[in-house]
1. Do any residues in segment 244-262 that are basic (Lys, Arg) have Cβ atoms under 8 Å from those of residues that are open to solvent by less than 10 Å² (accessible area, probe 1.4 Å), where the two are at least six apart or on different chains, and which pairs are they?
2. Out of Leu273, Leu261, I need the residue that is open to solvent by less than 10 Å² (accessible area, probe 1.4 Å), closer than 15 Å to Ala305 by Cβ and in contact with a Phe, Trp or Tyr (Cβ under 8 Å, 6 or more places away or on another chain). Which one?
3. How many residues are β-branched (Val, Ile, Thr), open to solvent by 10 Å² or more (accessible area, probe 1.4 Å) and within 21 Å of the chain's Cα centre (by Cα) when one looks only at segment 326-356?
4. With (1) open to solvent by less than 20 Å² (accessible area, probe 1.4 Å); (2) under 26 Å from Thr67 (Cβ atoms); (3) modelled with pLDDT under 95; (4) not acidic (Asp, Glu) as the list, and Gln167 as the residue in question, which single condition is left unmet?
5. So Pro149 clears everything in (1) open to solvent by 20 Å² or more (accessible area, probe 1.4 Å); (2) in a helix (DSSP H, G or I); (3) in contact (Cβ under 8 Å) with a residue 24 or more places away in the chain; (4) more than 14 Å from Tyr70 (Cβ to Cβ) except one condition, right? Which one?
6. What residue, among those in segment 57-70 that are part of a helix (DSSP H, G or I) and touching a Ser or Thr at 6+ places or on another chain (Cβ under 8 Å), is farthest from Asp111 (Cα to Cα)?
7. Scanning segment 368-382 for residues that are open to solvent by less than 60 Å² (accessible area, probe 1.4 Å) and modelled with pLDDT under 95, which turns out nearest to Thr397 (Cα to Cα)?
8. Any chance segment 345-366 includes a residue that's without any contact (Cβ under 8 Å) to a residue 24 or more places away in the chain, assigned to a helix (DSSP H, G or I), farther than 30 Å from Ala494 by Cβ and of a type outside the set (S, T, N, Q)?
Amino acid sequence: MHPALGLSEVLERIFSRIGDELDDDYSPSPSSRPLPIRNSTLARLARTCKTFKKPAIDGLWSEIPATRIYESLIPHLVVMWKEGDPDPYDWREITVKGTWIADVRPMSTADQLNLMEYTTSIRRFTLGSPDIAETAIAAPAILALLSLPGGLDVVFPRLSRVHIYHQLPGLLQEYLPLIFSVECIRLVAISRIDDLFMALVDAFTTRKGPHVQEIDLQFKSSDWHSDQANRGSFPTMLSQAVMRCENLRTFACTVLDQATLLRLSGLSSLTFLELHGLDDIDTTPTLQFLSLGSLKLTFNVFSDAVYFILRLVRIPPSIHIRIADEPSAPLSAQLFDEISRVPEANVHALTLERFVPPIHPEHTHDPPISIETIEPLLKFAGMRVFRWIFLGRVHLTDANVGLVTQSWPLLEQLWINSESYDHVPFATLSSIFIAAQHCPHLEYLSLPVDASRITDDGSLAAEIRHESLRVIELGTSFVDAMGLATIVHTFARAFPRLKWVRLNLPVGGEDTDSQTSNGQRAFGWRICEAIKMLRQAKENGRIASWTDEDALKILIRYFEVAWDTDKSHGFE
């Protein structure tokens, strides 16, 4: 074994990357990990040798729900409620499972040492669950865990974050000893916010311990039992608790009032802000936020998000917006233009997505998007992520895509899409290879292109070999079997790490079936299967080259048969 593998710090770094390359299936979240594969791999590593055991356990147990500790390591008593039994905690109408961990059995010294071998790895601990079918943990069992010999500093030496789901009565006060020793807390009220919720936040911000670094408060904004006149505003007790945190680095909240927002804007320590709503947004003053690195807004109305961003003196490098209403092109153009004019702005991530799907996207009257819409942003040479959805059609040519990607050479994700059904995009398949040529770190590319056309003679496609690209989305276009076969052998050669291709084919009336959505049929999974088969044939020596004529004929026949097969079986 290499001497470097004897260093726990090196092993931790290596083990933390497990899962990046093990998943052959497409995941919509580029940052997500295939947890079942990752966890099983770490479990095998922990059993391999003593050197690997502790770093692997650290990876497996870094983020753990409380139930896993009891179910895996602590002998405990489970109560199953039956009709007519007493209900000491008033949980009967809340939890549908009807069972809870009532207490723990006595543990020997060996049991306690074995338990702490795992608890010493925990960095984020989750108490409670949003799932009403989850097994609940009663107060005596919580107390037993928090009263182990040596104290919490010995049992949970790495713990820095506690996530609490507040749903079952009688538990919040039991969590107090745990939150007194951490820097970060996430508190979610499943049903409603109450005095206990606010008291816990107050206790967290007044306890003697490490500086409060992170607060995340999630609740239904109209649920607390204040008088009607104050309903919908940020509770005073929560406002006071937040305002006393002078070293806060991360803050997230369902809704916020103007006074607390203004206080936060003056914190030189704050680097991340997430808001789902803001009281009296029209009265928002100019906001400093001089250290803010990332802003995440989840607003119902796009214009509110744009208005809020334009109230900032300094534009943060990363902006992520989620909206419910339509992503108006004029508003997007206004935002792009305004932030490009802010002195010293250096945007490297800009995203817009909807959390409510469009109802009738084909009926939009929004103007089409041209290069002039995006052009103000091209000054930000450090752009790494641009994911934006437009209501109207995207009128970008291959030359336009070349200009964008040449201006943003550090791009890792480029996602420009329309909610309208555009079956004849302006850009062609050449745009994919132009983007790959200009952006060596590109991993995720989504553009509406005419996948049946290549504007050059194919020489660029033949020259490209891009080692980073993993996901390509091509939108919707008319492509015949020959065109699909060309895509397969070109992509298989040019993009060796490609995991997923998305392409929708327009469907005529005679091909419509129960699985046809909005006049189009998803066919990207067929391309992925064909790429996988072609790669295997190349590796096994069954074909001499990617452009082998016999292989091309087989691919053409495959797609001709696949179209009829998918129709008859109703595949999507």
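The values are calculated or read from the model by the stated rules, or taken from the named source; none is laboratory data. If you're wondering where the values come from, they're calculated on a predicted model, not measured in any experiment. For neighbour counting, all protein chains shown are included, and Cβ atoms are generated from backbone atoms with ideal geometry for every residue, glycine included. Note: areas computed on protein heavy atoms with side chains; ligands, DNA, RNA excluded. Shrake-Rupley method; radii C 1.70, N 1.55, O 1.52, S 1.80 Å.
1. Every condition considered, the pairs that remain are Arg249/Leu270.
2. So the residue among Leu273, Leu261 that is open to solvent by less than 10 Å² (accessible area, probe 1.4 Å), closer than 15 Å to Ala305 by Cβ and in contact with a Phe, Trp or Tyr (Cβ under 8 Å, 6 or more places away or on another chain) is Leu273.
3. Qualifying residue count, segment 326-356: 2.
4. Unmet condition: (1).
5. Condition not satisfied by Pro149: (2).
6. Looking at the filtered set, the residue picked out is Gly59.
7. This residue is Ser370.
8. Within segment 345-366 (the criterion being without any contact (Cβ under 8 Å) to a residue 24 or more places away in the chain, assigned to a helix (DSSP H, G or I), farther than 30 Å from Ala494 by Cβ and of a type outside the set (S, T, N, Q)), the answer is yes, since at least one residue qualifies.
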